[in-house]
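Q: Pasting a structure below so you can have a look.
The values are calculated or read from the model by the stated rules, or taken from the named source; none is laboratory data. Just so it is clear, the structure is predicted and the values come from calculations on it, not from any experiment. Positions of Cβ are backbone-derived with ideal geometry, glycine not excepted, and every protein chain shown enters the neighbour counts. Side chains included, ligands, DNA and RNA excluded: accessible areas come from the protein's heavy atoms. Shrake-Rupley method; radii C 1.70, N 1.55, O 1.52, S 1.80 Å.
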Amino acid sequence: MPQLINVDSSSPRHADILDQTFPIWHEGLGREAYGRWNAVQLKTPWGRDRLRRVAWVEGDRLLASAKRYLFDAVLDGEPIRVLVIGAVFTPPSERGQGHAPALIARLMADAAAEGVAAAVLFSEIGASYYEPLGFRVVPRTTVSLD
């Protein structure tokens, strides 16, 4: 049965995730620098409180992974917490089996149980993949971040 785990930046599983995601998201860094950049994100004061690398696993098998962020926001004048999901990745051998949607659904359910009011997903693939999970494209021209 799959389970959701937090992945510590010093764990072998973190290194495995970075090895697999490096070709996609390295932003011009070498593999070692990409690893340091990811580890530092988790160790900043903000990252320690608000950012988690998570993995959807079954035994030793990595089924999918993502970054889970928590933000404070204001909606209609009321303070809320927002779940932000990014860097969703499924290893090629696990694709097409529903692991990424299962991971996202679990993240959203856990966040809702913690009182999180909204969820945002950053993705580089087509929006139609995530629409069944309730996500919609937000036109950039209507977004304002303070």
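Q: Starting from the amide H of VAL88, placed 1.01 Å from N in the peptide plane, find each other amide H under 5 Å away whose residue is 5 or more places distant or on another chain.
A: LYS67
Q: Can you find, among PRO92, GLY126, PRO79, the residue sitting farthest towards the positive end of the charge dipole of region 72-146, where Lys and Arg contribute +1 and Asp and Glu -1 at Cβ?
A: PRO92
Q: Tell me, what are the semi-axes, in whole angstrom and largest first, of the equivalent ellipsoid of region 1-71 as set by the roots of 5 times the Cα gyration tensor eigenvalues?
A: The answer is 19, 16, 10 Å, longest axis first.
Q: At 1.4 Å probe size, with every protein chain present, just tell me what the per residue accessible area of region 10-51 comes to in Å². Numbers along the way, then the final one.
A: Working: 2570 Å² over 42 residues.
For region 10-51, the per-residue accessible area is 61 Å².
Q: Related question: Where does the longest stretch of the chain lie that holds no trypsin sites (Lys or Arg not before Pro) found in a DSSP loop with 15 or fewer other Cβ atoms within 10 Å?
A: 1-94
Q: What does the helix-only formula give at 222 nm for the chain: each DSSP H stretch with n ≥ 4 adding -39500 (n - 2.57), the total divided by the residues, and the result rounded to the nearest 500 deg cm²/dmol?
A: Helices in the chain give a 222 nm mean residue ellipticity of -10000 deg cm²/dmol.
Q: What is the sum of charges around THR21, taking Lys and Arg as +1, Asp and Glu as -1, for the other residues whose C-beta is under 13 Å from the C-beta of THR21? Intermediate values should be presented prior to the final figure.
A: Numbers: positive: ARG13, ARG31, ARG53, LYS67; negative: ASP16, ASP19, GLU27, GLU124.
Value of the local net charge: 0.
Q: If you compute P(r) over Cα pairs in 10 Å bins from 0, in percent for the structure shown, which of (i) 10, 39, 37, 13, 1; (ii) 12, 44, 34, 10, 0; (iii) 10, 36, 33, 17, 3, 0 do you land on?
A: The listed entry that was calculated here is (i).
Q: Shifting gears a bit: Between LEU133, LEU70, LEU62, where does the largest GNM mean-square fluctuation fall for the chain, given springs only between Cα atoms within less than 10 Å?
A: Result: LEU133 has the largest fluctuation of those listed.
Q: How far, in nm, would the chain grow between SER10 and ARG48 when pulled straight, counting 0.36 nm per residue and subtracting the alpha carbon separation?
A: Between SER10 and ARG48, full extension yields 12.3 nm more.
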